[in-house]
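The values are calculated or read from the model by the stated rules, or taken from the named source; none is laboratory data. The structure presented is a predicted model; accordingly, all values stated were derived computationally and were not measured. Positions of Cβ are generated from backbone atoms using ideal geometry, with glycine treated the same way; all protein chains shown enter the neighbour counts. Areas reflect the complete protein model, heavy atoms only, side chains present, ligands, DNA and RNA absent. Shrake-Rupley method; radii C 1.70, N 1.55, O 1.52, S 1.80 Å.
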There are 2 protein chains.
Amino acid sequence: MAKRRQPTRRRGREPATAEPSRFQVLRNPWPPMEVLDEAAVATIHEASMRILEESGIDMWDGEARRILSQAGARVDEGARRVWLDRGLVMEAVSRAPGRFTLYARDPAKNLPVGGDHILFGAVGGPPFITDLDGGRRPSRLADLENLVRLIHLSDALTMGGGLLVEPLDLPQRTRHLHAVYADFTLTDKVSRASVMGREVTLDAIMLGALAHARPGDTEAEAVARVMARPVVAGVVSVNSPLRYDGPMLEGLLTLTRHGQVPIITPFIMAGAMSPASMASAVAQQNAETLAGVALCQIARPGNPVVYGGFASPLDMQSGATAFGAPEAAWALLAGAQMARHYRLPFRSSGALTSSQAPDAQAAYESLFSLWPAVMGHTHIITQAAGWLDGGLMASLEKFVIDLELIQMVSRFCERPTVSEESLALEMIHQVGPGGHHLETEHTMAHYRTAFYRPLLSTRMSFENWVQTGRQDAAARANQLWKEMLRRYERPALDEGVDEAMRAYVARRQAEIGA
Amino acid sequence: MAKRRQPTRRRGREPATAEPSRFQVLRNPWPPMEVLDEAAVATIHEASMRILEESGIDMWDGEARRILSQAGARVDEGARRVWLDRGLVMEAVSRAPGRFTLYARDPAKNLPVGGDHILFGAVGGPPFITDLDGGRRPSRLADLENLVRLIHLSDALTMGGGLLVEPLDLPQRTRHLHAVYADFTLTDKVSRASVMGREVTLDAIMLGALAHARPGDTEAEAVARVMARPVVAGVVSVNSPLRYDGPMLEGLLTLTRHGQVPIITPFIMAGAMSPASMASAVAQQNAETLAGVALCQIARPGNPVVYGGFASPLDMQSGATAFGAPEAAWALLAGAQMARHYRLPFRSSGALTSSQAPDAQAAYESLFSLWPAVMGHTHIITQAAGWLDGGLMASLEKFVIDLELIQMVSRFCERPTVSEESLALEMIHQVGPGGHHLETEHTMAHYRTAFYRPLLSTRMSFENWVQTGRQDAAARANQLWKEMLRRYERPALDEGVDEAMRAYVARRQAEIGA
């Protein structure tokens, strides 16, 4: 049997500490996996168009309806409903750029969106934080700040934060200010914004503009500067089936009017928010997303916008969403394919799980999101680190586990070369049958870089594992996030910029509080 | 944020018990993922041919050398080395069938090998068994028998056992008899054999023939009956680099001469048994495997044979194999592609991990073997359930976790249809914007079958999870394998057949013991 060849000289080793490597945006070398044939793409397109033409879609914002009405849509003001015909939708969608750049405080961390690039962002929005020491508790600003610090240290995560967890220790109406401030000061990566009404969205944009301002800029000048250089992307959720709530439409339009990036994402539990069929969920998702994309493009033609997919089956036993389910993987791939059909950048999620513990289920469900996300050429993979319990908890140990997963898929995307050098026939000949390659010139020259060095995984022997306390992956992850936080250093930030941002936060706090 | 839409009515539920569903061989609907372009395939082929022509390969069995010498190979008897030129190799390889059938005691469980079929087999060979109750201990026949029972109950696993764990409570020279007897009596699925010398292999074949005999058959008649209807497949390991040991060659030739199926599998730790380069490991694997395939086809043209791949990087920190590493995923896909190039069925592995616990690492490393195995169109995925600790332990909890993984990828391969029925536009229209689909006619008609129902995963609420004892996936798996064993029933077996097998075991035990 093959595994008998396991060498007996396995020495123990401590898991590698997470050393900062070089920031690099992943490129996907593989052709996208296609789960729909051409006819199925056409069928889903046709179904989506019929949904928008015949069922219509609720738009709970007067301004959004006015914009669509002026563009030729049929509107029922009383029902707050809009019917969009395919000519209108497709003409608008065709104006959206297939690729664009998101700008970071550190220009080396600017992010290309689209093409074969893949961006990874962390968890967003849970009201609870958990770790092995303290268990589940309501999340606070300090937890959000720690998550931003971990993001800053993780080259696997190319996008910055946003409302990573709800800072429940702060007043509801002003907490977004502190979340955005943390994101723009504790990391120099691109920020994600919370999109929840005009004011909250505007605050994110203003703080982003200030973070990118030049000395002497007025606030207006700072905003003008980021108009064509987006610094903030935010998820615009659709209240499926077929309803955009007011705050989301305000957010969508506010982002759009300021040249920032709406990531339009219906969240569909098939069987509850769509019929109990993934094909149906994908068609409805397509209708819902394209309606938002069209609104964005009518409001500001050519504005960057992202097509988001987040469809999972309903678990009929529990009434909860079945995150990481096989049908969700298919829906993700089908959604990615529809986005490609319209030449729109695609967003999905990376680390979804229903598990409450950073255990085997958490890992396999996360990979059931991450693998298809990468195979389907997702451009922005959010929720890719730290998500647990259906998104109700952010877990620090899960965060580290997910970093390992992202690093592993990233390494998988570094396609090995097949060349005379890499084939090393001369070494095979020299070592000959029955020899070994452990200390050859070729091995010595390549072993440091040839193979992925894990962050969290151990390959120690059983005996060593017992000696080091029988730690499972979660226990090791617990040590790793602590080590990471110990060596965190805040990235450079111009004092004037910081002052302007702090002044803005203080002013807005006073205004909102008043 | 999307996850806010999480419904609050999540009720707890007990994990589903593993109910026996219908035995069905998985078919892969996706085109195989290709990691090599045509030029790379040609380059690897060329490199392999040069290895066999210039470096040669050790064949530590006089009969194997005689067969190859008579076919025109250059042989150095003193060095026990053989050089094979490409004409000889490729002519022989071309005789191997691209598809064949493995026959089971229950004809409904016959296995098609090749094409778009995927077969799954369990762990093989660990000297230790482990579970959450008893921890690690040397494995015994009773453990092997329990594993066969679990295989029998698991429709996810379409192949039977073999030497699942070493029954260390039995004498080394006769334990294979009891392992094979257990496999042919406790399940009616296709058996895998231990291939370790002529006698052990022959015993597996004889017991297989007796299990398939008709009333009144002599042993010779029983063997003749399975000559063209293979009932046993066995892994022939290559002692890389470039060496076939004597017992493996005896096994290969014994299987071949009786019409049974050698699964030729080099086990390569790149950096130790090949240069530290996955391209090199794949080229060497190709050379080694094709040499064995050629020997098989020269000994008995047209005999079924399988191309196996099992290449992983060496972990330079520990000196151990890096199972489930990203580079291993690439090597698996490249190996599958080479096998397709020669139109040979391909074998890889499914649940490889270096972890000692049934934890997150065990799960994600296993999926890093299983996903590429499925995406690369592996025909036989062995080691797909229960493997832990680099194959040194079989874990009962990991076995259940792996069943869930196999079921999930299997469900992913059930491509949803995109049709008028599945799009259900009428329902979308009827429910309308802002409605819900929870109790519609369509949902009621489909919810039971539309979505995968997990074996192990839970989607219960946090509160329920706390109430049910904060069990992680491993703890739930512990309950599940016990439940499965409680409801195990031995499949029907003709008394005369059982008697003949028991008589054979007794006779051989006496012979070997003498």
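The figures follow:
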quantity	calculated
Tilt relative to chain B, helix B:278-299 - C-alpha long axis, 0 to 90 degrees, to 10	60
The protein assembly as shown, Cα convex hull volume normalised per residue, Å³	157
Estimated Rh, the stretch A:363-429: Kirkwood, alpha-carbon pairs, angstrom	14.0
Total accessible surface hidden between B and A, rounded to 100 Å², 1.4 Å probe	12200
Highest average packing first - A:169-177, A:157-165, B:274-282, B:192-200, Cβ atoms within 10 Å	B:274-282, A:157-165, B:192-200, A:169-177
Cα-Cα pairs of the stretch B:37-132 separated by more than 17 Å (percent)	70
Alpha-carbon radius of gyration plus Dmax, which is the widest Cα pair, for the stretch A:115-242 in Å	15.3, 47
5 angstrom amide H check on A:Val113, placed H, neighbours 5+ away	A:Phe100, A:Thr101, A:Leu102
Cα centroid separation, the stretch A:115-133 to the stretch A:372-395 (Å)	7
Using alpha-carbon coordinates, inclination of helix B:473-486 to the longest axis of chain B, degrees	70
Inverse of mean 1/r across different Cα pairs in the stretch A:297-452, Kirkwood, Å	18.3
By average C-beta atoms within 10 angstrom, highest first, the peptides B:233-246, A:431-444	B:233-246, A:431-444
Gyration tensor (Cα) of chain B, equivalent ellipsoid semi-axes in angstrom	40, 28, 22
For B:Ala276, distant residues with modelled amide H under 5 Å away	A:Thr443, B:Gly271
Length-normalised contact order of chain A in % [C-alpha pairs under 8 Å, at least 6 apart]	19
Proportion of all alpha-carbon pairs of the stretch A:374-514 beyond 23 Å (%)	65
Shape box of the stretch A:184-226 [Cα atoms, principal axes, largest first, Å]	30, 23, 12
Apportionment of accessible area to carbon and sulfur, chain B, percent (1.4 Å)	49
Chain A - accessible surface per residue (Å², probe 1.4 Å)	32
Residues losing 40 Å² or more accessible surface upon assembly, the stretch B:258-286, compared with the chain by itself, 1.4 Å	B:Phe267, B:Ala272, B:Pro275, B:Ala276, B:Ala279
Kirkwood-Stokes translational diffusion coefficient of the stretch A:85-129, alpha-carbon pairs, 20 °C, 1.002 mPa s, µm²/s	155
Cα pair count fraction exceeding 16 Å, expressed as % - the stretch A:324-412	47
Residues of the stretch A:336-360 buried by at least 30 Å² on assembly (accessible area, 1.4 Å probe, chain alone as reference)	A:Ser354, A:Gln356, A:Asp359, A:Ala360
Mean Cβ count within 10 Å, highest first, over the residues of peptides B:203-211, A:123-131, B:414-422	B:203-211, A:123-131, B:414-422
Where Rh is the Kirkwood radius over Cα pairs, Rg/Rh for the stretch B:432-514	1.32
Solvent-accessible area of A:Asp143 with every protein chain in place, 1.4 Å probe, in Å² to the nearest 10	10
Solvent-free Debye scattering, log10 I(q)/I(0), computed from the Cα coordinates of the stretch A:201-304 at q = 0.15 Å⁻¹	-0.63
Rg and Dmax of the stretch A:51-206, Cα atoms only, in Å	19.5, 58
With Cα atoms, 0 to 90° folded angle of helix B:495-513 axis to chain B main axis	50
